[in-house]
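All remarks here apply to the structure that follows.
The values are calculated or read from the model by the stated rules, or taken from the named source; none is laboratory data. Keep in mind that what you see is a predicted model, and the values were worked out from it rather than measured. Note that we place each Cβ from the backbone using ideal geometry, even for glycine, and neighbour counts take in every protein chain shown.
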Amino acid sequence: MIADNPYTLSPAAVNDLRKHQSTALIVGIVGMLAMVVGFFLTEHGQFMRSYLVGFMFWTGTAMGCLALMMIQYMSGGAWGMMIRRSLEAGSRTIPLMMLLVIPILAGVTVLYPWAFPGADHLKAVHDKRLYLNVPFFVARAILFFGVWCLLMFLLNRWSLEQDRTGDINLARKLEKLSGPGIVIYAFTMTFAVTDWVMSLDPTWFSTVYGLLLCVGQCLSALATIVAVLILMADKPPLAGLITKRHLHDLGKLMLALTMLWAYLSFSQLILIWSGNLPEEISYYINRLNGGWEWVGGILLAFHFGFPFLLLLSQALKKNPKTLRIIACYIIVIRIVDVFWLVEPNFNKAHFQLHWLDLAAPIGIGGLWFSYFFYQLRQRPILPVNAPDLEKALNHGRHH
Amino acid sequence: MAIPLQPIELPDEVPVGPIIGPEENLTTVTDKLAGIVLRRKTGYGWLMGFGLAFCGTMMLLMAMTYLFLKGTGIWGINMPVAWGFAIVNFVWWIGIGHAGTLISAILLLLNQSWRNAINRYAEAMTLFAVACAGLFPIMHMGRAWLAYWLLPYPNTMQLWPQFRSPLDWDVFAVSTYATISLVFWYVGLIPDAASLRDQAEHRWQQVVYGIMALGWRGSARHWQRYEKASLLLAGLATPLVLSVHTVVSFDFAVAIIPGWHTTIFPPYFVAGAVYSGFAMVLTLMIPVRKFYHLESLVTMRHINNMAKVMLTTGLIVGYGYMMEAFFSWYSTNTYEGFMYWNRMTGPYAPYFWCLIFCNIITPQFLWIKRVRTNLIILWIVSIIVNIGMWLERFVIVITSLHRDFLPSSWGMYYPTAWDWAIYIGTLGLFMTLIYLFMRAIPMITIHELRVLVPGGVRSPQPVQPQPVKNI
Amino acid sequence: MPQIFSFSSNSYTRVGIIVGLITLVGVGGLLFQLGADSSYATNEGVARVQPVQFSHSHHVSSMGVDCRYCHTSVENSDFANIPPTKTCMNCHSQIWTGSPELELVRASYRTDSSIPWVRVHDLPDFVYFNHSIHVKKGVGCETCHGRVDQMPLVYQKGSLEMRWCLDCHRNPQKYVRPHSEVLTMGYKYPPNQEEVGLQLIKEYKIQRLETCNTCHR
Amino acid sequence: MSHSETIETTPIYGIMAEFTNPYDLVTAAEKAKAAGYYRMDAYSPYPIEDLEEPLDLHDNRISLFVLLAGICGATFGFGFLSWVNTVSYPLNIAGRPLISAPMFIPITFECTILAAGLTSAIGMLLLNGLPMPYHPVFNVPRFARASQDGFFLCIESVDPKFDRRETALFLESLGAEEVSEVAN
Amino acid sequence: MHDQPRYKPLGETGFFADKRQSRPLIPGTVARGDLREATEFYTGKNTTGSAAEGTDDLDYFPIAITKEVIERGHERFDVFCSPCHGRLGNGLGMIVQRGMKQPPSYHTDRLRTARPGHFYDVITNGYGAMYNYSAQVSPRDRWAIVSYIRALQYSQNVNKTNLTPEQLAKLPVPGARPVPGEESIPDLPIAPPSPDQMNLPEGAPLPPGAPPTPMSPSILNPPPAAKAGEAKQ
């Protein structure tokens, strides 16, 4: 790290981040303790499901950071430059999530119906034993995390190196890795969510599922990063660097991802609903009956309709305060979405919200944020030697 | 758009080149593009190309006449493959029609100024491709003269179209798309028509372009509303583009035919449409750029960016194939599994593998920058992608239908000479329209290009408009 | 640059646009009227010239011949048949035996060839229609065919458009009659037809058949 | 200077100055505004955002129109489909509810876009008063450059501060390449 | 679509010499369920041999005669027979008034004593100037018409002493109460009495010649054809 880097976080900003880090850590530890209590008090299946909700959401956020980072290397654009370092910090939490996957791997036989003893009598399970078996499941999880860590490691390392050396070739290398990296991300994540979430109902399948969850992850990541970016925006060095135009662009991207999520969700709904095939429709029957339809309605209204209308407004996108509120709001509603993906597979009869469903995302989220803030203050907030930085900073300054 | 107070910063990739050549200024840009329309003599190259394309149009008209006299029995369609070339070509053309509005709309929203040089051309292509696409469902109806029955109007049957059928959504989506594309295109044309009007040398040209220009005078008040309207249109057109091919994918996916009914279809069809659309833009743009000496306006940067878009969308399409293949096994559904196995090994397997080669393997070369910037190779790749995307629709339509649920209902599809005549005829119609467009309207949006001119000023000394050389 | 268009062209443009729009709507409406609603399109009310100038008015009103004397299958078949020449000859072997108008009938009977009657009520082939069920459910002959007893030459009384069918299929109570009045010509509906109709619907178990495959099967 | 004594008595539309580049035009507009003129318009071959301030270009009505049209289109689309499927022509399709909201979305969406899109184009033309084939500014011979490479500022005679001679001199003082009267 | 290339009833074709799309049945064709094994029912002739009496006409009805059957017969009679035979069977139908040769009245001793099979045979095969009606009237309807002819004959030949005073009082005066809708028929001497005037138990078989009630809805739904075994009773 170069001492005279103008974009090194100011002591005030680092202090802020430290404070946030310890707050998050406390929340995380309290949440984790609650989960430990929950593990002993409640049925293990419930514990695992709630844990899965938290794990999926925060893994998704970390992975979304990685994906967005690679996308911004590919597409360029001022928005990417402003959040690149935050995305990097977000991606560096992947090893933490790798640790947190262990309970899932340990609890496969409690969580996944295909791994229950005697599940073989289900034809669907029997026929896909080649894929859905515990050793392969564990191996895949390790492989996925390995690949992701590798991507994360290389991208972060080169970016830091660029700060130091300003070698133009590093920019090329970053771009060259990002292209295939996105492809790798899309494929591995598709299979990962097939393993971790879709196989909760081993008879059900949907080809758009992977894409849908990837988009959701990018949205979670973007909302998280935007919220954090604005948190730091009033302290040097970011103060004065972030223009309304940057925020506007980020808001537009959030709008685009919100619409994309709605588009893919709608596509899946209308096709399965109109096809009405028994092996597919069970998914929506579970989710549109017994109280779950309210969760679905909430997602329609508040994961799409409400943020869509808010983000249409230019004024709200350009105002840091309102944009941060919208970003925080999107994080919350994203958790509801993950909850809706996971839980109705089990509580088929009626809607049920266990207190662990709140404790797990909050607990894991606390740990995640704490680690994220720690990572965030390790590096300058802007990549000083990135080729387009000057242009990105000037973005929107002619007004 | 702001005035470019300083020259546009050259991007990092200097070897690829800037958006617009540094030798251009306001005067030369206007003269060059207006000159192609107003002062260029009709060359033999144009006449020959147009003549060939016009022959294709005539063939189309003849084939359509015979079709309307005899009915769709002259085609190769029959049970079980009741959707043959008509639907394959419809989807193919509609897909090609996606690049234009996408380039215009999304890139305008994203402030990607490199769109400016190609959007007019791409939009015109959209319109013509949609026109060709629209013919096919109408022909496929059999009684084309009753096509207006598709529209909801109070009729003597006192019924409405089936609004819950994706085939009816198609009517809405395609007609809305055609309307909005036309409006978008025309709105973009108004200031350029004014330029042509003011440069015209003959009275009839002044009147014709004067009417087209609607009295546009470049008032700042007008420009302000114009910019707003363009932005709004772009904002509306972007989801519209996505919706059109989404609806086309619903035509298939709402049914429960294995190979059609799969949830990835909407995004995968949209990506495929953009893929083939950009391939078609490149296929046409590379020769046009050469013949009309537009190298300084359609720069290597445009070409490179379009190639990148092709690569991206090609990868999404490849992702779609992979998901279909994997989930046909993962579903453990007999019919799904058979469908994909049959695609890979059945009677149409050669088409399938051809398609994989054209759509998945060939574009991988676009990872290499040298391929992206080599015009000849890129042109060949874009043609291969066009063929591949046609094959994709062929495989989706034919292989899913030719093996019905009961082996007793299995069959094969053999297109007849009339199928081919109509397909090739629409290519002729498309090219005819493109040729006419190139003669009558500036291929490149002049007023948007002016924004990119370094300094935004006129020539230091008055430039005498020179008649452009013939080809 | 000199002005290309004169000062008045502004007014021409505006008037032209407004007049153009009005014309477009007007011409559209007119075409619809002419194309879909006229007797040219529907053949409504157009009397057909038949090879033999058979008068329903004479045979029904003056002679009191029952519809079913000739159209025997109307009650138990989808098709209310045109009678064979022999049915004509039941009487005309005895009366009007020398009439030149009837020569074609006699020739037909002699040579066992068909009289090429011109079809008046011709539904499209994609429409399934069954006479017997309509007769059984209390739809009068007159409801669809009009006062045949007053037609010297038969013409099509209804438009036979789909909305014409649907009008009754949606609101059978407007038209249904008691069974005893099915063949009646000039039936006077009771003032409380709506009530009577609803009662008959219940009694005859009439369904409001509006699904596509009722007729398009 | 092309105004002559002979036409001085006939009313004119305004006085127009031509500039060679956009920066001069913007500066001139700013100065004209500072001098108290407000009935003026600039003409250029491409949109110039910096003219917003001096010319008070703040017409956002078109966004409102488009929004309203979009809402109307969506309401009409969904309402029409609901009416058709429940009142006018109810049909049981595979046992699904008559108001099958997901199946109505595509057409509702297309109606929204169609209404909003047409409104944005037609609204732009109407607010701009187009089509208007005849306009006084076309009487200026050099005005043909406005659609190519010329930048013009026209102070209209309806401006309260307008004075034939004063205004012409004022425009000349702004560094205009050519100042001419615009016949009505 | 509107006119599909398919054969329809009474359609025209250039393919066959007679230009008819409907083809005649191949001789010997038997429709399913139409083997016509019950010879008496279908021919009206006696198969067991009573030719000694000079006629082989069936002397009984091969179907059970109920009120419904007679009503059906009434209706069919009015449709097919009354134009010549007149509503009362007196041979003074409308066509006869227009020049047709007058058929014999049913109310003669010869026809009163004629066997049911005779009437059936006339309908089936024609008689004198009368063409056969086998195409228009189904066998079951023919028997129903015969039963109604019997009722007509009975109604015109009642011995007043067989009637109760109440029935006598109800007897309409000629011309005083025309049958609804038949005002135009001038030669109606007497309206047939209705069954309730004859005090018959509901559903009981009527004696031959019992007159019908006014048309009721059930007429259009004739009961299923009687089995051959029942027909013999």
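Structure data summary
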{"quantity": "Boolean, B:ILE106 is in a helix (DSSP H, G or I), more than 18 Å from the chain's Cα centre (by Cα) and either within 14 Å of chain E (Cβ to nearest Cβ) or surrounded by fewer than 24 Cβ atoms within 10 Å (Cβ to Cβ) (or both)", "calculated": "no"}
{"quantity": "Any pair with Cβ under 9 angstrom, 6 or more apart, that starts in segment C:187-199 at a residue that is over 14 Å from C:GLY138 (Cα atoms) and ends at one that is assigned to a helix (DSSP H, G or I)", "calculated": "C:PRO190/C:VAL196; C:GLU194/C:GLN173; C:GLU194/C:LYS174; C:GLU195/C:GLN173"}
{"quantity": "Subset of segment D:81-117 [surrounded by fewer than 19 Cβ atoms within 10 Å (Cβ to Cβ) and in contact (Cβ under 8 Å) with a residue 40 or more places away in the chain]", "calculated": "none"}
{"quantity": "Unmet requirement for A:ILE225, which otherwise passes all of (1) surrounded by fewer than 24 Cβ atoms within 10 Å (Cβ to Cβ); (2) more than 12 Å from chain B (Cβ to nearest Cβ); (3) over 30 Å from A:ALA124 (Cβ atoms)", "calculated": "(1)"}
{"quantity": "Filter result for D:ALA32 (touching a residue at least 60 places away in the same chain (Cβ under 8 Å) and within 15 Å of the chain's Cα centre (by Cα))", "calculated": "no"}
{"quantity": "Filtered residues of segment C:85-100 (kept if part of a helix (DSSP H, G or I) and within 8 Å of chain E (Cβ to nearest Cβ))", "calculated": "C:LYS86, C:THR87, C:MET89, C:ASN90, C:CYS91"}
{"quantity": "Residue check, A:ARG49 over 15 Å from the mean Cα position of the chain (by Cα), surrounded by 19 or more Cβ atoms within 10 Å (Cβ to Cβ) and in a helix (DSSP H, G or I)", "calculated": "yes"}
{"quantity": "Test: B:ARG197 is over 26 Å from the mean Cα position of the chain (by Cα), basic (Lys, Arg) and surrounded by 23 or more Cβ atoms within 10 Å (Cβ to Cβ)", "calculated": "yes"}
{"quantity": "A:ALA301 being under 21 Å from A:TRP58 (Cα atoms) and assigned to a helix (DSSP H, G or I)", "calculated": "no"}
{"quantity": "Segment D:161-184 - residue that is of a type outside the set (S, T, N, Q) and free of Cβ contacts under 8 Å to residues at least 12 places away in the same chain and, of those, surrounded by the fewest Cβ atoms within 10 Å (Cβ to Cβ)", "calculated": "D:ARG165"}
{"quantity": "Considering residues of segment B:222-262 that are touching a His at 6+ places or on another chain (Cβ under 9 Å) and part of a loop (DSSP other than H, G, I, E, B) only, the residue nearest to D:PRO47 (Cα to Cα)", "calculated": "B:VAL254"}
{"quantity": "Any chance C:TYR40 is exposed (fewer than 13 other Cβ atoms within 10 Å of the Cβ), out of contact with any Ser or Thr (no Cβ under 7 Å at 6 or more places or on another chain) and of a type in the set (Phe, Trp, Tyr)", "calculated": "yes"}
{"quantity": "Yes/no for D:GLY117 being at the interface with another protein chain (Cβ under 9 Å from one of its Cβ atoms), within 29 Å of B:GLY188 (Cβ to Cβ) and assigned to a loop (DSSP other than H, G, I, E, B)", "calculated": "no"}
{"quantity": "Qualifying residues in segment B:199-213 (those that are out of contact with any helix residue (DSSP H, G or I) (no Cβ under 6 Å at 6 or more places or on another chain) and in contact (Cβ under 8 Å) with a residue 24 or more places away in the chain) - the one nearest to the other protein chains (Cβ to nearest Cβ)", "calculated": "B:GLN205"}
{"quantity": "Some residue of segment A:39-56 being out of contact with any helix residue (DSSP H, G or I) (no Cβ under 6 Å at 6 or more places or on another chain), closer than 30 Å to B:LEU107 by Cα and of a type outside the set (Lys, Arg)", "calculated": "no"}
{"quantity": "Any hit, segment C:66-76, residues being surrounded by fewer than 16 Cβ atoms within 10 Å (Cβ to Cβ) and either more than 19 Å from the chain's Cα centre (by Cα) or not assigned by TED's automatic domain parsing to the domain that holds C:VAL139 (or both)", "calculated": "yes"}
{"quantity": "Filter result for the condition that a residue is more than 12 Å from every other protein chain (Cβ to nearest Cβ) and either within 26 Å of C:PHE54 (Cβ to Cβ) or modelled with pLDDT of 90 or more (or both), over C:ASP149, C:ASP112", "calculated": "C:ASP149"}
{"quantity": "From the options D:LEU153, D:LEU130, residue that is touching a residue at least 12 places away in the same chain (Cβ under 8 Å) and of a type outside the set (Val, Ile, Thr)", "calculated": "D:LEU153"}
{"quantity": "Residue within segment A:178-199 that is more than 13 Å from every other protein chain (Cβ to nearest Cβ), in contact with a helix residue (DSSP H, G or I) (Cβ under 7 Å, 6 or more places away or on another chain), among the aliphatic types (A, V, I, L, M) and buried (at least 23 other Cβ atoms within 10 Å of the Cβ) present", "calculated": "yes"}
{"quantity": "Residue in segment B:418-427 that is over 26 Å from B:TYR66 (Cβ atoms) and in a helix (DSSP H, G or I) present", "calculated": "no"}
{"quantity": "Within segment C:48-67, considering residues that are under 27 Å from E:HIS74 (Cβ atoms) and among the β-branched types (Val, Ile, Thr), the one farthest from the other protein chains (Cβ to nearest Cβ)", "calculated": "C:VAL60"}
{"quantity": "Unmet requirement for C:VAL49, which otherwise passes all of (1) at pLDDT 90 or above; (2) outside the structural domain of C:ASN130 (by TED's automatic domain parsing)", "calculated": "(1)"}
{"quantity": "Residues located in segment B:263-311, provided they are in contact (Cβ under 8 Å) with a residue 60 or more places away in the chain, at the interface with chain A (Cβ under 10 Å from one of its Cβ atoms) and part of a loop (DSSP other than H, G, I, E, B)", "calculated": "B:ILE264"}
{"quantity": "Filter pass, C:LYS188 being more than 12 Å from chain B (Cβ to nearest Cβ), in a helix (DSSP H, G or I) and exposed (fewer than 15 other Cβ atoms within 10 Å of the Cβ)", "calculated": "no"}
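Rundown of residues vs (1) assigned to a loop (DSSP other than H, G, I, E, B); (2) over 21 Å from C:TYR69 (Cβ atoms); (3) more than 12 Å from the chain's Cα centre (by Cα), yes/no style:
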| residue | (1), (2), (3) |
| --- | --- |
| E:TYR60 | yes, yes, yes |
| E:ILE63 | yes, yes, yes |
| E:VAL79 | no, no, no |
| E:LEU92 | yes, no, yes |
| E:VAL96 | no, no, yes |
| E:PHE119 | no, no, no |
| E:ALA135 | yes, no, yes |
| E:TYR148 | no, no, no |
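Rundown of residues vs (1) outside the structural domain of D:PHE152 (by TED's automatic domain parsing); (2) under 22 Å from B:TRP216 (Cβ atoms); (3) not in a loop (DSSP other than H, G, I, E, B); (4) not hydroxyl-bearing (Ser, Thr, Tyr), yes/no style:
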site: D:ASP24; (1), (2), (3), (4): no, no, yes, yes
site: D:THR27; (1), (2), (3), (4): no, no, yes, no
site: D:LYS33; (1), (2), (3), (4): no, no, yes, yes
site: D:TYR37; (1), (2), (3), (4): no, no, no, no
site: D:ASP41; (1), (2), (3), (4): no, yes, yes, yes
site: D:TYR46; (1), (2), (3), (4): no, yes, no, no
site: D:ASP50; (1), (2), (3), (4): no, yes, yes, yes
site: D:GLU53; (1), (2), (3), (4): no, no, yes, yes
site: D:VAL66; (1), (2), (3), (4): yes, yes, yes, yes
